[in-house]
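Notes for the one structure printed next.
Derivation of every value follows stated rules applied to the coordinates shown; laboratory data play no part. What you see is a predicted model, and the numbers here were worked out from it, not measured in a lab.
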Amino acid sequence: MKKYLLFFSLILLIGSCQKEGSELSSSDGGNTTGIGGSMAKFTFHKQYLYVVEKQFLQVYDVSVASKPLFLRTIDLNNTAVETIFPYGEYLFFGTQNGMLIYSLSNPSIPSYISTYSHIVSCDPVVVQGNIAYVTLSTGNQCGRGVNQLEMIDISDIYNPQLLKMYNFNNPKGLTIDGTYLYLCDGNAGLKVLDVANIYNARVLETFAGIDAFDVIKNGNILTVTGKDGVYQLDCTNPLDLKLVSKIGKN
């Protein structure tokens with residue numbers, strides 16, 4: 001019962017944000033697209049909510065927030081779907097054996113576009129422009145032995161290609177804003193990378209003391225999930241992150 005109460009609370013929150021123009025949504029060519037963590041299993045686009053469950057994508061119409069309407073289940077034909085990330089007219093799925101790309105040209109029925117199969121782990125993907133950023137890490141159910149950040153060219157959406165990879169401690173969630181990539185690197189903390197030149201990306205700043213798992217950027221605030229709680233960091237100056245608050249775990 002708690003699971004369903006939480007789900008419908010989310011629907012009501014989304015509806016409220018859409019009506020009030022909250023900063024929880026972003027402008028995307030006039031479309032409303034949800035802002036969530038890179039480790040998220042649900043997101044929304046326009047009036048639709050998408051929820052990942054195992055190998056399936058559940059699609060809901062939430063145009064009437066108080067009466068969410070289940071539309072359909074889409075089999076993603078991959079038994080290890082872990083995360084979902086919306087960008088433009090596409091959905092990007094992080095899986096244990098590849099990145100799936102689906103079109104939202106008909107948002108009520110997302111359709112398969114392509115797969116990037118070089119990924120050998122079960123971690124997230126975020127996208128900006130023609131580049132997808134993916135982390136691979138050890139210490140999860142995938143049992144892989146690499147800890148890397150991969151940068152993938154998606155200018156040809158039908159044929160994604162690896163451009164560059166970088167080694168890190170234990171990279172997890174990430175978010176991108178302009179030339180700054182915020183990367184959760186496990187017990188090595190939250191790192192700020194300059195990715196203006198993806199062939200020469202550089203770590204500019206490290207906020208230590210957080211065993212960082214996922215990060216969301218909303219305005220000048222980073223919300224970072226760590227093993228010991230949730231942190232809010234002021235990133236007005238990305239090279240000088242400042243702690244605003246922390247909610248510790250009980």
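Here are the numbers:
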| item | result |
| --- | --- |
| Global form of the range 82-221, assessed from the alpha-carbon gyration tensor, a/c cut-off 1.5 | prolate |
| Gyration tensor (alpha-carbon) shape descriptor, the range 179-226, a/c threshold 1.5 | oblate |
| For N147, distant residues with modelled amide H under 5 Å away | F168 |
| Stretch gain in nm, segment N106-L163, where the contour uses 0.36 nm per residue and the Cα spacing is subtracted | 17.5 nm |
| Spatial separation of Cα centroids for the range 215-248 and the range 143-192, in angstrom | 19 |
| 5 angstrom amide H check on G229, placed H, neighbours 5+ away | K249 |
| Listed pairs K46/K217; K46/K164; K54/K191 exceeding 22 Å between Cα atoms | K46/K164; K54/K191 |
